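Working notes, structure below.
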Amino acid sequence: MASALRCTGLRKRYGPKEALRGVDLEVGEGQLVGLLGPNGAGKSTLVKIACGLVRPTAGTAEVTGAPAGSAAARARIGYLAETFRFPGWMTADELLRMHQRLAGSSGGAAERTRLLDAVDLTAAATTRTDAMSKGMQQRLGIAHAMIGEPALLLLDEPTSALDPVGRRTVRRLLEELRTRGISVLLNSHLLSEVELVCDHVVILRDGSVVTRGAPADLVQPRGVVVETAGGPRSFPEVARGAVPDLVARLVAEGEQIYGVQALASTLEDVYLDAVGDQEAMP
């Protein structure tokens with residue numbers, strides 16, 4: 001699989017503070033990678049290096065094979081920062097038109113219409129951005145990051161201000177991007193969203209990768225709960241494959257069985273195990 005983003009041995013030092021400590025990370029073509037970690041873990045520094053806004057102290061970062069920060073790399077990325085502000089007097093269509101000029105996109109009105117439709121803002125094309133809710137502005141931000149058909153999208157907390165309907169819209173959009181071969185590095189604290197859409201997750205702590213893998217591979221079984229006539233009974237050591245034998249034994253013992261639930265850890269459990277008490281730090 002070709003790499004949309006490849007980081008090798010990335011280190012970044014700000015004076016005595018080492019924000020990144022030899023990070024290796026890869027986002028394949030059409031892959032959605034979730035970047036997780038507590039505040040101060042180095043996520044924003046990594047994204048800024050990928051954008052070319054910050055230079056690493058050591059190591060390399062490449063976007064579709066070009067050095068991060070080069071003209072070729074910048075032409076292949078779309079970026080939405082966590083904190084952004086649009087000119088309030090511009091309508092959604094005017095904002096996208098301005099960014100088309102800045103990005104050198106020749107997509108014209110057709111591209112603007114397609115992007116507004118993708119983020120469910122077609123009806124707001126002539127609405128000034130200062131009249132939009134925070135959620136609408138955030139969806140417009142995702143549309144502006146997609147101008148020019150970038151090969152890699154760097155999204156920093158893209159669903160933090162969205163209601164459940166808005167988050168579902170973004171999830172569907174991200175799944176569509178995957179089918180079109182567009183890669184996404186998603187920095188988010190909404191672990192349930194990451195678990196739903198990402199092919200791979202990378203968890204940072206103190207500037208180092210502490211856990212990585214597909215969400216389904218990271219979670220662990222945690223036994224089963226059997227609903228009986230006498231109430232629920234927990235069997236924490238029983239694996240999913242042993243459930244039929246367990247049920248047969250309970251029935252033979254005279255139990256009435258109403259349901260069986262196989263338990264597993266969530267991505268939140270994996271995350272908290274990886275970062276420990278750092279999540280409580282400022």
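Summary table
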read-out	value
Relative contact order computed over the chain (Cα-Cα under 8 Å; 6+ residues apart), in percent	22 percent
All lysines inside 26 Å of LYS134 as judged from Cα atoms, apart from same-chain residues fewer than 8 positions distant	LYS43, LYS48
Chain lengthening between THR57 and THR113 when straightened (0.36 nm per residue, less Cα-Cα)	16.0 nm
The chain: C-alpha gyration tensor shape, a/c 1.5 cut-off, then a/b vs b/c	prolate
Fewest-first sequence of SER70, SER188 by Cβ atoms within 10 Å of each Cβ	SER70, SER188
Computed magnitude of the charge dipole of the chain (debye, nearest 20; Cβ of K, R +1, Cβ of D, E -1)	1180 debye
Using a Förster distance of 25 Å, the FRET efficiency for ARG172-ASP217 (Cβ separation, nearest 0.05)	0.55
Cα gyration tensor shape for the stretch 107-163, rounded if a/c is under 1.5, else prolate or oblate	oblate
Cα centroid of the stretch 213-282 to Cα centroid of the stretch 77-132, whole Å	46 Å
Fewest-first sequence of HIS99, HIS144 by Cβ atoms within 10 Å of each Cβ	HIS99, HIS144
Selection from THR45, VAL202, VAL33 lying farthest towards where the dipole of the stretch 3-215 points positive, charges on Cβ	THR45
Within a Gaussian network of the chain (alpha carbon springs, distance under 10 Å), most fluctuating of ALA248, ALA81, ALA110	ALA248
Calculated [θ] (222 nm, deg cm²/dmol) that DSSP helices of n ≥ 4 give over the chain, each run adding -39,500 (n - 2.57)	-9500 deg cm²/dmol
Rounded FRET efficiency, nearest 0.05, which uses the C-beta distance separating ASP273 from ARG233 and R0 of 25 Å	0.40
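All of the numbers you see were taken from the coordinates with simple rules; none came from a lab. No experiment lies behind these values; they were computed from the predicted model shown. Positions of Cβ are generated from backbone atoms using ideal geometry, with glycine treated the same way; all protein chains shown enter the neighbour counts.
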